[in-house]
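Each reported figure results from applying straightforward, stated rules to the coordinates on display, with no laboratory input. Predicted model, so just to flag it, every value in this text is computed and none were measured. For neighbour counting, all protein chains shown are included, and Cβ atoms are generated from backbone atoms with ideal geometry for every residue, glycine included.
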Amino acid sequence: MSRDGGRTNGGSPTGPATGELMAVELARRLRDDDVAVMGTASALPQIACRLAKETHAPDLWFVAGGTCGVNPRLAPAVPSCCDEDLLRADTAVPLSDVVLLEGRGDVFTVFFSGGLQIDAHGNCNLVSVGDRTRPSLRGPGTVGLPFLARVGRVLIYTMAHNPRTFVERVDFLGGPGFLDGPASWAAAGLSGGGPAAVVTPLCTLGFDRETLRMRLETVHPGVTVQQVVEATGFELAVPGVVPETPPPTDDQIAILRSIDSGGLLRGG
Amino acid sequence: MNKVLSLHDAVERHVPDGVGLLAVGGMHLHNNPMALVREVVRQRRRIRRLLTSPCGAFNADLLIAGGLVEEIATSYVGFEHLGLAPAFRRSVEDGSLRVLECDEAYITHGLNAGAGGLPFAPLPAGLEVSDVWRANPESFRLVEDPFTGAQVLAGAPLRPDVALVHAAEADAAGNAVLAGAHFVDRVMAMAARTVVLQVERVVPTEAISRHPVGTTIPGFLVHAVVEVPGGCHPTASHGHYRVDEDHLRRYLAMAGGAEGPRAYVEQYVRGSSEADYLEAQRALAAAEAHR
């Protein structure tokens with residue numbers, strides 16, 4: 001995850017940083033019977049998985065794509081998904097085998113995603129902004145995001161909640177969300193379950209069951225609904241009552257800081 | 001059979017100018033065969049098409065920075081948490097570099113198809129909803145599954161003319177041991193017509209044959225072995241050294257500025273022998289350690 005922008009270092013010196021709250025929010029969405037997989041720049045979801053394992057989901061499995069360490073120890077967490085430290089793990093699988101199993105479709109139940117652009121239906125784009133052949137911004141490329149079509153639940157995370165990132169429709173569809181909405185989603189007949197949640201530095205979002213568009217669920221402490229609406233480049237579904245994101249418990253924070261002992265989520 | 005060559009000779013003999021498909025191993029900022037990459041830049045070998053692992057990094061960006069790459073087949077070129085790849089980004093945005101858009105599944109299975117002589121790689125259902133294959137009609141087709149009649153996505157086999165791959169060690173015959181993560185380097189070596197290995201050290205064959213199942217690339221696939229201790233710098237070499245983020249940040253600052261990457265390429269690559277470059281980096285690291 002990006003360490004720039006300063007938002008990872010929100011909160012007081014001892015209270016939870018924004019990045020820490022985001023890790024807790026992702027962890028809350030992981031279950032004991034999940035097998036999760038993640039790739040590029042995935043320190044945040046790796047920490048979330050380790051936190052879930054050490055709290056409510058001890059039997060969760062997670063694969064840190066790149067090195068493909070299985071249940072890496074972290075402590076400390078590292079910023080690169082290809083760092084050799086991720087082989088301090090229960091076991092490891094060759095990347096080519098992980099790619100093979102991603103195709104099987106019934107092995108991995110959770111896939112973490114993100115993007116330069118994330119749209120109202122949860123589609124992700126890491127390739128380009130504007131026309132692909134002469135883009136105004138060329139991103140790195142789509143990596144494994146097309147596999148989102150085949151996975152149980154997609155959890156999206158980003159450190160950038162602004163109108164350039166949150167757009168009505170992605171310029172390049174790399175990682176499929178609910179495509180163009182209910183009709184196209186039904187027509188595609190995909191085996192995956194689609195995006196389940198989006199966690200940002202401002203809030204946590206879900207998807208409206210009818211429209212399959214993003215819907216505000218909770219705002220993080222100190223953030224207003226208006227701020228989220230202004231930071232989102234499409235018409236966001238906002239329910240009448242938007243609760244505050246529940247704060248992490250002291251226990252969660254203590255465990256989180258033992259996992260992320262280098263303070264990546266605190267901007268370290 | 002002794003396949004050990006100097007860095008200069010390995011590139012001169014095995015990487016022809018105008019090479020059709022050159023593959024570079026390593027993933028993100030780890031196990032990039034940078035000594036070989038720098039030597040390709042010094043010898044100005046033009047590359048008609050470059051292929052990366054699912055995540056190319058400095059290996060690809062430096063070849064692009066050297067003005068050598070006509071087209072790139074990739075699913076990612078970037079510096080992960082450090083930022084975007086400046087030469088790649090600039091060249092695509094100004095239209096001078098054509099991208100054959102790939103994804104991780106195609107690169108991996110396409111290399112397997114290349115390694116196995118498979119006519120193409122059928123890809124899992126659902127991948128056709130992404131825009132990747134529409135953006136790259138040369139590499140992807142929708143075909144009829146002969147068993148079910150369903151339309152499925154197929155990728156052309158990937159057969160690199162030359163693969164540049166890093167391994168921790170190898171014997172003189174090219175039997176190589178990859179330390180740490182394998183990424184897709186084994187598959188890349190199996191698919192390529194010519195494999196040039198960069199290693200931290202050349203070891204006696206007995207050191208390999210003591211634990212033969214630990215051999216991850218067999219020598220019969222390898223054409224040249226180049227011993228360059230520290231040669232992955234500034235990327236990491238698993239089992240040996242970590243990423244030099246300070247150096248990479250210097251590259252990103254230099255290459256990301258208005259002047260582009262030319263000054264970096266002149267100072268650190270074309271204006272410096274590999275031995276001088278690595279010696280200077282070692283001296284810097286030692287000075288840093290003493291501070």
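Below, the figures for the structure above:
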item: Gain in span if fully extended, B:Arg193 to B:Ala150, counting 0.36 nm per residue against the direct Cα distance; result: 12.1 nm
item: Order of B:Ser91, B:Ser53 under a 10 Å beta carbon neighbour criterion, fewest first; result: B:Ser91, B:Ser53
item: Where GluC sites (Glu not before Pro) fall in DSSP loop in the stretch B:135-242, at most 16 other Cβ within 10 Å; result: B:Glu138
item: Rounded if a/c under 1.5, otherwise prolate or oblate - the protein assembly as shown, Cα gyration tensor axes; result: prolate
item: Neighbour-limited loop hits for chymotrypsin sites (Phe, Trp or Tyr not before Pro), the stretch B:106-167 (at most 14 other Cβ within 10 Å; DSSP other than H, G, I, E, B); result: B:Phe147
item: Spherically averaged projected area in nm², based on the convex hull that wraps the Cα atoms of chain B; result: 16.1
item: Loop trypsin sites (Lys or Arg not before Pro), the stretch A:205-268, which have at most 11 other Cβ atoms in a 10 Å radius of their Cβ (DSSP); result: A:Arg209
item: The stretch A:43-98 shape via C-alpha gyration tensor axes, a/c threshold 1.5; result: oblate
item: Residue-averaged [θ]222 nm for chain A, counting only DSSP H segments that reach four residues, each worth -39500 (n - 2.57); result: -6000 deg cm²/dmol
item: Order by protection proxy (mean Cβ within 10 Å, highest first), peptides A:141-148, B:62-69, B:192-199; result: A:141-148, B:192-199, B:62-69
item: Among B:Ala125, B:Ala236, B:Ala73: highest mean-square fluctuation, GNM of chain B, C-alpha pairs under 10 Å; result: B:Ala125
item: Helical contribution to [θ] at 222 nm, DSSP H n ≥ 4, -39,500 (n - 2.57), averaged over chain B, rounded to 500; result: -9000 deg cm²/dmol
item: 10 Å Cβ neighbours from other chains, averaged over peptide A:70-83; result: 4
item: Per-residue mean of C-beta atoms belonging to partner chains within 10 Å, peptide A:149-156; result: 2
item: Likely footprinting exposure, A:Thr158, A:Thr224, A:Thr204, fewest C-beta neighbours within 10 Å first; result: A:Thr224, A:Thr204, A:Thr158
item: Order of A:Val127, B:Val225 - criterion: other Cβ atoms within 10 Å of each residue's Cβ, fewest first; result: B:Val225, A:Val127
item: Neighbourhood charge, 10 Å Cβ-Cβ cut-off, centred on A:Gly130 and excluding it, Lys, Arg +1 and Asp, Glu -1; result: 0
item: Average beta carbon contacts from partner chains per residue of B:119-128, 10 Å cutoff; result: 5
item: Net lengthening on full extension, A:Asn162/A:Ser184 (0.36 nm per residue, minus Cα-Cα); result: 5.3 nm
item: Gained length - B:Gln281 relative to B:Arg134, 0.36 nm times residue gap less alpha-carbon distance; result: 48.5 nm
